[in-house]
1. Test Val154 against the criterion of being within 22 Å of Val72 (Cα to Cα), aliphatic (A, V, I, L, M), within 16 Å of the ligand (Cβ to nearest atom) and at pLDDT 95 or above, and give yes or no.
2. Of all the strands (runs of 3 or more DSSP E) wholly in the range 78-183, which have at least 1 residues that are loosely packed, with under 14 Cβ neighbours inside 10 Å and free of Cβ contacts under 8 Å to residues at least 24 places away in the same chain?
3. Suppose the filter is over 18 Å from the mean Cα position of the chain (by Cα) and either among the charged types (D, E, K, R) or modelled with pLDDT of 85 or more (or both); does Gly85 pass it?
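The values are calculated or read from the model by the stated rules, or taken from the named source; none is laboratory data. A quick note: this is a predicted structure, and the numbers were derived from the prediction, not measured. So basically every Cβ, Gly included, is an ideal-geometry build from the backbone, and we count neighbours across all protein chains shown.
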Amino acid sequence: MNITATLLNYYQLCHRKMWLHYHAIRMEHTSEVVYEGKLIREESYPFRADKNEEVEISLPLQKGDGWGEEVVLTAKIDFFDAKRGIVHETKKSAAKEWAHVAQVQFYLYLLQKNGVEVSHGVIEYPKLRQTERVTLGEEDVLRIEANIEKIREVLEQEQCPPKLPISKCKACSYFEFCWVGDE
Ligand code: SF4
């Protein structure tokens with residue numbers, strides 16, 4: 001089982017979304033929201049690739065009691081400034097969200113666990129013209145490890161988790177999948 005930053009992000013938003021994504025029911029390619037995010041990142045920081053490196057990283061976990069299968073944590077970090085130990089993440093969102101912080105903390109966690117020296121993360125919000133500094137403390141590490149265990153449990157469920165209230169679903173790429181015909 002691969003637990004990715006995307007799954008961690010979805011875990012913060014909706015367990016059902018995370019489960020659907022993991023089980024290869026993908027709607028993101030049809031989502032204008034996702035496309036817009038990619039576009040903003042490319043247009044806002046066109047020269048970033050010259051200064052920073054894209055990093056793919058993974059961390060196999062020791063199999064725990066009651067685990068159905070091995071767990072490997074994986075992430076593809078878009079921009080890592082290895083010289084200064086800074087992870088950069090760009091969000092198209094016009095609002096700051098806790099899930100963004102959790103995603104960057106997961107990157108810092110994976111780098112640190114792989115013996116890479118990290119300083120902090122920076123989330124850039126071009127629409128807000130703001131940045132947010134992200135650090136990783138001991139409590140964050142404990143929370144990440146507890147979340148990984150909960151994510152594993154949800155993903156091993158045979159049944160898709162229940163829907164959130166529809167008011168929380170409007171911007172979700174699975175909206176049609178979950179609600180069309182049900183509203
Ligand atoms: S539409 Fe709502 S319930 Fe369905 S996956 Fe998205 S957030 Fe979850």
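1. Numbers: within 22 Å of Val72 (Cα to Cα): yes; aliphatic (A, V, I, L, M): yes; within 16 Å of the ligand (Cβ to nearest atom): yes; at pLDDT 95 or above: yes.
Considered against the rule, which asks whether it is within 22 Å of Val72 (Cα to Cα), aliphatic (A, V, I, L, M), within 16 Å of the ligand (Cβ to nearest atom) and at pLDDT 95 or above, Val154 comes out as yes.
2. Fully inside the range 78-183 and qualifying: 130-134.
3. Details: over 18 Å from the mean Cα position of the chain (by Cα): yes; either among the charged types (D, E, K, R) or modelled with pLDDT of 85 or more (or both): yes.
Spelling it out, Gly85 is indeed over 18 Å from the mean Cα position of the chain (by Cα) and either among the charged types (D, E, K, R) or modelled with pLDDT of 85 or more (or both).
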